[in-house]
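Take a look at the structure set out below.
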Amino acid sequence: MPLYGVTVDDISGLSAITQSLASLPKVPTTRIVFDEFQPASDYRQAAVAIGQVSYVMGEILDSLYVPRYSVQGYRDRTSEYLATLGDVVDIWEVGNEINGEWLGDTADVVAKMSGAYDLVKAQGKTAALTLYYNQDCWSKPSNEMFTWAQANVPERMKSGLDFVLISYYEEDCNGLRPDWQAVFQRLSVMFPASRLGFGEVGTTTAAKKAEYLTRYYTMTVNTPNYVGGYFWWYFREDMVPSTLPLWSTLSSAISSR
C-alpha cells in the first residue's frame, strides 16, 4: 500500500490541520513530531483527532534532541508514549536520522534505537527507522548511511523492521540529486523484509517548494516494497489551511499517483 506522508511538527490549530488532511484526495499518513521533554498526554487529543482522518506515525524524538536523553531516558520516553498513544499511533518511528553525526556516541545511539525497537515490537506494534542520506556530505566516513547501517543496525532489526525510510534535504548535501532507484535497490538488500520510502523531505527556499514537492511525490522507484512516504516536513507551515497554494500542489501530486 502506498504511503502519502506529511509531517506535523506543531499541533496548534488542530481543527485546521485535520481539515487540511481530510481534504486530501487519498488518505494520508501523518507523522506527528513529539517534542522533547513533553509528556505523551500532551499529544493525546491531537493524535486521536488526526487519527480520524489519517493514519498516524509517531516520531518518538527528533534527531536533534537524541543526545539530550540518556539510554534509559529514551527507553522510558518510548514506554510512556506507547502506553499513552499505543491505540492511536499506527507506525512508531524508533529512530530519526539515526546515523547523523549529531546524535552522539554511537554505542548510545544504537542502544536507544534498538531499545525503542524492542519495546515497540514487544507490544506487537509497527516499527519504522529513518536513516539520513548523506552521500559525499558526511562529516565522518563511519556515518555514511550505508556504512553506519551495515555496522550498527542489529540483525533482528534488519530482518524485522516494518519500514526503513530515508530523510534527505538536497540543500544539506550540495544540491545532489541521487540515483534513487539505485539507493533503494541497495537498501532492499540490507532490509529485505521492510517497506521502503522517504521519511522526511523538504526545503526552506520558498521559490523551490512547489517543484521539489512535485518531484518527490511523483517519483517512480521500481524497487520491490517501495511505498513512497515523503513526509514533507513543512506540512503544518505550507499546507494548513488547505487554501494555501502548496496544499493544491500536494493534492495534485498525490492524485497523479
From the list Val27, Val33, exactly one residue is crowded, with 20+ Cβ neighbours inside 10 Å and among the hydrophobic types (A, V, I, L, M, F, W, C). Which is it? Val33
Is segment 100-112 home to any residue that is out of contact with any His (no Cβ under 8 Å at 6 or more places or on another chain), free of Cβ contacts under 8 Å to residues at least 60 places away in the same chain and within 23 Å of Gln45 (Cα to Cα)? no
Restricting attention to segment 55-74, report how many residues are surrounded by 18 or more Cβ atoms within 10 Å (Cβ to Cβ) and farther than 16 Å from Trp233 by Cβ. 6
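The rows are residues; the columns are (1) modelled with pLDDT of 95 or more; (2) β-branched (Val, Ile, Thr); (3) out of contact with any strand residue (DSSP E or B) (no Cβ under 7 Å at 6 or more places or on another chain).
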| residue | (1), (2), (3) |
| --- | --- |
| Ala182 | yes, no, yes |
| Arg186 | yes, no, yes |
| Val201 | yes, yes, no |
| Lys208 | yes, no, yes |
| Glu211 | yes, no, yes |
| Tyr216 | yes, no, no |
| Pro224 | no, no, yes |
| Tyr234 | yes, no, yes |
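The values are calculated or read from the model by the stated rules, or taken from the named source; none is laboratory data. These numbers come from a predicted model, not from an experiment. Counting neighbours? That spans all protein chains shown, and the Cβs are built from the backbone with ideal geometry, glycine included.
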